[in-house]
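The values are calculated or read from the model by the stated rules, or taken from the named source; none is laboratory data. Because the structure is a prediction, the values reported are computed rather than measured. Neighbour counts run over all protein chains shown; Cβ positions are idealised from the backbone, glycine included. Remember, those area values only see protein heavy atoms, side chains included, never the ligands or the DNA or RNA. Shrake-Rupley method; radii C 1.70, N 1.55, O 1.52, S 1.80 Å.
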Amino acid sequence: MFKEGAALYAIEIERKPGEDVLYVNYLNAPFVPSIADNGMVMARTIETLSENPTISRVIFVQQRNYNYPAEQVSLLVEIASLYNFLIKQENAFSIEKMSLFGNVPEVHSEISYFLELLKRDPVACYVELGRRAKLLRSEIESGKIFDKSRGMNYLRFFEKFHELLENTKLIKSVLGELDNYKLGEREIYKTIFRPDILPNFTFTRLMAQFPKDAALIDQYEISSGEESATVTILKRADETKYFYHLMPPEYTLSEEHHMLINLARNVLIEHRPKAEEFTDPEKTRMVFFNVGRDLLIELSRDKGIKLNHSELTKLARILVRYTIGFGLIEILLLDKKLQDIVINAPIALNPIYVRHENYDECITNIIPSYEDADSWAAKLRLQSGRPLDEANPILDSDLVFGKIRARVAAIQQPLSPNGLAYALRRHRESPWTLPLFIEKKMINSFTAGLLSFLIDGSRTLLVAGTRSSGKTSLLGSLMLEIMPKYRIIVVEDTLELPFDALRKLNYDILRMKVRSALVSGTTEVEASEGIRTSLRLGDSALIVGEVRSSEAKALYEAMRVGALANVVAGTIHGDSPYGVFDRVVNDLQVPATSFKATDIILIANPVKTPDGLHSMKRVLSLTEVRKHWKEDPAREVGFVDLLRYNVERDELEPTSELINGESEIIKNIAGNVKGWAGNWDAVWDNILLRGKIKQEIVEIARRMKNPELLEAPFNSLSNNAFHRISDEVRKEIGLPLSERVFPEWKKWAIEHVKKY
């Protein structure tokens, strides 16, 4: 903000949408600037506000920045307004006015004293005005003042001054504390003027103090390497949202460490990463980390500051975060309990909101700045290669650092008239699995078994639901059910599906990144062309991240081909099977007859509690699409539920059509398997077997208190063991019956859980 050599107490005013911010230079001051502690600091601030009454926020710039928010500044603006009124409207220093009060030199001296006191210590001014008015009245009544007329004029001036000051919000807030007040003490201001203290290398504000009258609900640490941050969950009685209070490591640094980061940052920001450097963001971060660490070593030696290895690593990571990274957003993304992060416009006037897995939507103590918001937008443009401007006001991209993955949606003017806004969806560091969904009660074990059966049966499947219903997570868990011997091609416009996790588990998997339906003018291939290209890449399971636009026609081409070869699956917005049909046929212009290529529609939606304050993600139905209808599957019984959610029991239940073996899709699968054709009992036994194994994984994880058993690596091994054991039993007795397969699988599980 202030360049080297800027004068002490120099000011700069930044005018932003919705607020004017005053910056005051205290970089070389021999004291920490504080409105509460220092009368001269208060006086200078009020003088500046008297000349700039539109100021809504004040920041004192030092190694740390001291930010006074609008509600505190408004108290001083009111005092500054009173000061202006007395000088300008009341003409308190005019010769004509003072001559009405008494001896001009004496009056000038006394009024000057009170006006200076008003700026330096308004509470003391209020108390002193009361005493002076009382004394003046006594002197008039006792006859000590010979010119009673001028004495009464002077008294009325003091009484008006006192009354106007008494009606200010600042004085009203302390009236109840004046009985024990001692003239000149400043303790009374410390509960009123409490700045947010933030590092000099970021403009994002963090309210360090807990909100008043808030009850402590929870507290935990989030950490990564040498760094850790404290999260405190609070709740005020009159608010429905919880308060998510974050205290990150950069806000607790010493003055020396602040100085080192400021110096290092000023060197590093001179190097602007080029677009080609962002093709590998992780490599770029590592380069900046190493350069930053070396720079910090050099600076610490030059300044005579000792840094141990832990401190050096911590400072280097903070440096990376505030040069090429995303600042406090990255700390929030380290919290595994967060699902969504929302940053509304106008950026600097709104706190960040988060969705927490235990406390739903929370308000945070973080208020981002326009500067940081613009910086994030520039980095997202470089990383994604996609535009974000007035012609293209929407950008969908992904953010990856370390093991953290998040989907980012950014919008700007003219779509967002108040400027940039962001929404981030945090992905699990490892993919969801069917046992994890059983543990979370999103599905039950029978549903898991049926889904596993359908995936092995090479069906075409759409996972549908509203926003934040878990569609993509469900699709990712189903990818783990595909046998690793089959190739998987993933087509996405924003990278969300667990490609890297499956690749590391030795799945034969290829990812294709295509152009978003919301973007034009990039070098990316259109989604529809990407899907058609996948059909030329050999026999593969095809997974489409989300069906949004014209690629729907290409997807249904793939479904009509893929149904004969392997799984074709994707996600789509829709809250019912007919809602999916309506979107695909009427909105996306896929012929109704082509929609018949869909075998299964899985609906996932949040279910709310009666009080409306909580919601749980649940699968509500699993529906097969029959092929006999001509125009409308709803009217012609083309949709048949196989599973339906029972709200009273909070569980999915098989329908009579499924129990009685009337599912055409399942019969079609069984018809291609020796021993299953016409043998519903054997098919049912296999579905139950798969579900029983998924449930057993959950039970073992609970008994052993080892949640790692619910994750992808163990489940991938389990699936491989299940298929191997099933094949061995089939060769021996003709069918992979549960009574033979499950004991063998359990024996395998007991041996392998010891490794976890």
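Can you tell me the relative contact order of the range 271-413? Whole percent, Cα pairs under 8 Å, sequence separation 6 or more.
Values: 156 pairs, mean separation 25.0, N = 143.
Dividing the mean separation by the residue count of the range 271-413 yields 17 percent.
How large is the charge dipole for the range 579-711, taken about the Cα centre, if only the Cβ atoms of Lys, Arg (+1) and Asp, Glu (-1) carry charge, to the nearest 20 debye?
On the way: 19 positive and 22 negative charges, 63 e Å.
For the range 579-711, the charge dipole is close to 300 debye.
Along Cα→Cβ, 7 Å out, is where each label goes; now give me the distance between the ones at Asp539 and Ser112 in nm to one decimal.
Once both label points are built, they end up 9.9 nm from each other.
Expected output is a single nm value to one decimal: the length gained when fully extending between Glu357 and Asn308, i.e. 0.36 nm times separation in residues minus the C-alpha distance. What is it? Spell out each step's value before the answer.
On the way: separation 49, 0.36 × 49 = 17.64 nm, distance 3.68 nm.
Gain in length upon complete extension: 14.0 nm.
Can you give the convex hull volume per residue for the Cα atoms of the range 36-93, as a whole number of Å³?
Numbers: hull volume 5.0 nm³, N = 58.
Per residue, the Cα convex hull of the range 36-93 comes to 86 Å³.
Leaving out ligands, DNA and RNA, what percent of the accessible area of the range 267-401 is carbon and sulfur, probe 1.4 Å?
On the way: 2940 of 5800 Å².
Taking all protein chains in place, the range 267-401 shows 51 percent carbon and sulfur surface.
Could you tell me which residue out of Leu688, Ile669, Val637 lies farthest along the dipole of the range 578-697 toward its positive end? Charges go on the beta carbon: Lys and Arg +1, Asp and Glu -1, centred on the Cα centre.
Looking along the dipole axis, the top candidate is Ile669.
Going by Cα centres, the range 58-117 and the range 588-621 are how many Å apart?
Taking the Cα centre of each part, the range 58-117 and the range 588-621 sit 64 Å apart.
Please work out the Cα center distance from the range 425-467 to the range 658-708, rounded to the nearest Å.
14 Å
Within a Cβ distance under 11 Å of Asp599, other residues only, what is the Lys/Arg minus Asp/Glu net charge?
Numbers: positive: Arg459, Lys596, Arg626, Lys627; negative: Glu624, Glu664.
Residues near Asp599 contribute +2 overall.
How big is the range 312-468 by the Kirkwood estimate over distinct Cα pairs, in Å?
Working: mean 1/r = 0.0563 Å⁻¹.
Kirkwood hydrodynamic radius for the range 312-468: 17.8 Å.
For the chain, what is the accessible area per residue in Å², given a 1.4 Å probe and the full set of protein chains? All intermediate terms of the calculation are to be shown ahead of the outcome.
Values: 33920 Å² over 756 residues.
Here the residues of the chain average 45 Å² of exposed surface.
Tell me the angle of helix 551-562 to the major Cα principal axis of the chain, expressed in degrees between 0 and 90 and rounded to the nearest ten.
Taking Cα atoms only, the helix is inclined about 30 degrees.
Which angle from 0 to 90°, rounded to the nearest 10, does the C-alpha axis of helix 70-84 make with the longest principal axis of the chain?
Between helix and principal axis, roughly 20 degrees.
Kirkwood hydrodynamic radius, computed over distinct alpha-carbon pairs, for the range 578-698: how many Å, to one decimal? Don't skip to the answer; put the middle values down first.
Values: mean 1/r = 0.0608 Å⁻¹.
Taking the inverse mean of 1/r over all distinct Cα pairs, the range 578-698 comes out at 16.4 Å.
What longest range of the chain stays clear of loop-exposed GluC sites (Glu not before Pro) (DSSP non-H/G/I/E/B, at most 10 other C-beta within 10 angstrom)? Intermediate results must be reported in sequence, preceding the final value.
On the way: sites that count: Glu4, Glu270, Glu390, Glu631, Glu648.
Counting at most 10 other Cβ atoms within 10 Å as exposed, the longest clean stretch of the chain is 5-269.
Of all alpha-carbon pairs in the range 3-112, indicate the percentage at a distance above 21 angstrom.
46 percent
Which loop trypsin sites (Lys or Arg not before Pro) in the range 635-739, with loop taken from DSSP, have no more than 11 other Cβ atoms within 10 angstrom of their Cβ?
Working: sites: Arg635, Arg644, Arg649, Lys667, Lys674, Arg690, Lys692, Lys694, Arg702, Arg703, Lys705, Arg724, Arg730, Lys731; in loops: Arg635, Arg649, Lys674, Lys705.
Filter output for the range 635-739: Arg635, Arg649, Lys674, Lys705.
With +1 assigned to the C-beta of every Lys and Arg and -1 to the C-beta of every Asp and Glu, and no other charges, what is the dipole magnitude of the chain about the Cα centre in debye, to the nearest 20? Numbers along the way, then the final one.
Numbers: 98 positive and 105 negative charges, 213 e Å.
That gives the chain a dipole magnitude of about 1020 debye.
Quick one: if the Förster radius is 41 Å, what FRET efficiency do Ser656 and Glu751 give, using the C-beta to C-beta distance and rounding to 0.05? Each step should come with its number before you reach the end.
Working: r = 41 Å, r/R0 = 0.99.
The pair Ser656/Glu751 has a calculated efficiency of 0.50.
Below 15 angstrom from the Cβ of Tyr181, what's the summed charge of the other residues (Lys, Arg +1; Asp, Glu -1)?
On the way: positive: Arg131, Lys172, Lys182, Arg186, Lys190; negative: Asp121, Glu128, Glu166, Glu177, Asp179, Glu185, Glu187.
Net of charged neighbours comes to -2.
Leaving ligands, DNA and RNA out of it, rank Ser112, Ser81 by accessible area with a 1.4 Å probe, largest first. Present the calculation step by step, with values, prior to reporting the outcome.
Values: Ser112 35, Ser81 70 Å².
Result, largest first: Ser81, Ser112.
Which of Met247, Ser56, Trp745 sits closest to the plus end of the dipole of the chain, meaning its Cα is farthest towards the positive end, when Lys and Arg get +1 and Asp and Glu get -1 on the C-beta?
Most positive-ward Cα: Trp745.
Computed over the Cα atoms of the range 147-256, what is the ratio Rg over Rh, Rh following Kirkwood?
When Rh is taken as the Kirkwood radius, the ratio is 1.20.
Keeping all protein chains in the complex and leaving out DNA, RNA and ligands, what accessible area do you get for Thr252 with a 1.4 Å probe, in Å² to the nearest 10?
80 Å²
For the range 42-120, what % of the accessible area comes from carbon and sulfur atoms, probe 1.4 Å?
C and S fraction of accessible area: 53 percent.
Can you give me the C-alpha center-to-center distance between the range 227-266 and the range 624-657, rounded to a whole angstrom?
Distance between centres, Cα-based: 50 Å.
Within 13 Å, Cβ to Cβ, of Glu429, how many net charges do the neighbouring residues add up to if Lys/Arg are +1 and Asp/Glu are -1? Kindly include the intermediate steps, with their values, before the conclusion.
Working: positive: Lys336, Lys337, Lys403, Arg405, Arg426, Arg428, Lys504; negative: Asp335, Asp500, Glu708, Glu711.
Summing Lys and Arg as +1 and Asp and Glu as -1 gives +3.
Against the longest alpha carbon principal axis of the chain, how many degrees, from 0 to 90 and to the nearest 10, is the axis of helix 309-321 turned?
That helix lies at roughly 90 degrees to the long axis.
Could you tell me which residue out of Pro707, Ile13, Asn25 lies farthest along the dipole of the chain toward its positive end? Charges go on the beta carbon: Lys and Arg +1, Asp and Glu -1, centred on the Cα centre.
Value: Pro707.
Could you give the C-alpha radius of gyration of the chain expressed as a fraction of 2.2 N^0.38 Å, taking N as the number of residues it contains?
Details: Rg = 34.1 Å, N = 756, 2.2 N^0.38 = 27.3 Å.
That ratio works out to 1.25.
Distance in nm between label sites at Met152 and Glu177, each 7 Å beyond Cα in the beta-carbon direction?
3.9 nm
Work out how far the C-alpha atoms of the range 235-367 reach from end to end along every principal axis, then list the three figures in whole Å, largest first.
The Cα atoms of the range 235-367 stretch 53, 36, 27 Å along the principal axes, largest first.
Taking a probe of 1.4 angstrom, what is the accessible area of Val320 in Å², to the nearest 10?
Around 10 Å² of this residue is reachable by solvent.
Just subtract the alpha-carbon distance of Val267 and Lys160 from 0.36 nm times their residue separation and send over the number in nm, one decimal.
Numbers: separation 107, 0.36 × 107 = 38.52 nm, distance 5.61 nm.
Result for the pair: 32.9 nm of gain on full extension.
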